[in-house]
């Protein structure tokens, strides 16, 4: 069209009837220019808008040329419009998935706060009260009561630790407060084998940080539970607008993202942000999980 009309600045936008808007070839909604040196010529098909040509105003002197070029290109334009509509639908699906991930993370943070500020604090207070009671009854109570109180306090300690682990698994407070690198450091400190960490400092968008954290958490959990690994490496670096997260272990391999909900759920989460996840796990040669997450503002 540009060559036919002699205007290399020409742009074509497509009308999507269902959305009642014009979009570019990538499916993104746009506003047509209203004035200036650019002019809009509408192309119709069977009485319905098909596309809008945005071109140099000098072409207004040759309306028949524009009309003829549009008529000759109508079939190609119709095919291009259908492609743009498909891309727009895919973009809407991607945004919908991203909204679901965001809503899920916000709910995770709310649950973590409720656990920390509610049940956990009450259990800590109860433990202190039992210790106080034990201290006051030290000289007057019989040994059975003292043993019972000691056992109760010990059980409370276990319950509090389990609750803290649960809150950490839901959404670790350190991730929100100190960022990804600190959260990964805390995560690997609780892993029962040696993990080498190499992660960039600095903050990223909360959704990107959470996705990267849970990717590493799930991959290390698989290494512990299934891979029979003795060591692992975790890397998280920004590269060309992406946060590239890698988790590599020396286990038995054979992992498959298509099997089981863990890795498949991670892939869905990464893809919801426009990224991708791949798993390299040849039998007997360890497993390498790589996530590429767009991280530019």
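For the stretch 189-206, the tally of residues that are in a helix (DSSP H, G or I) and either outside the structural domain of residue 286 (by TED's automatic domain parsing) or touching a strand residue (DSSP E or B) at 6+ places or on another chain (Cβ under 9 Å) (or both) stands at 1. Taken together, 232, 219, 236 contain a single residue that is closer than 24 Å to residue 294 by Cα, touching a residue at least 40 places away in the same chain (Cβ under 8 Å) and in contact with a helix residue (DSSP H, G or I) (Cβ under 7 Å, 6 or more places away or on another chain), which is 236.
If the condition is being crowded, with 17+ Cβ neighbours inside 10 Å and in contact (Cβ under 8 Å) with a residue 40 or more places away in the chain, then the stretch 46-69 contributes 52, 53, 54, 55, 59, 66, 69. Set side by side, the residues 170, 195, 153 differ, and just one is at pLDDT below 90 and over 23 Å from residue 268 (Cα atoms), which is 153.
The values are calculated or read from the model by the stated rules, or taken from the named source; none is laboratory data. Values in this document were obtained by computation on a predicted structure and should not be read as measured data. Neighbour counts are summed over all protein chains in view; Cβ atoms, including those assigned to glycine, are modelled from backbone coordinates with ideal geometry.
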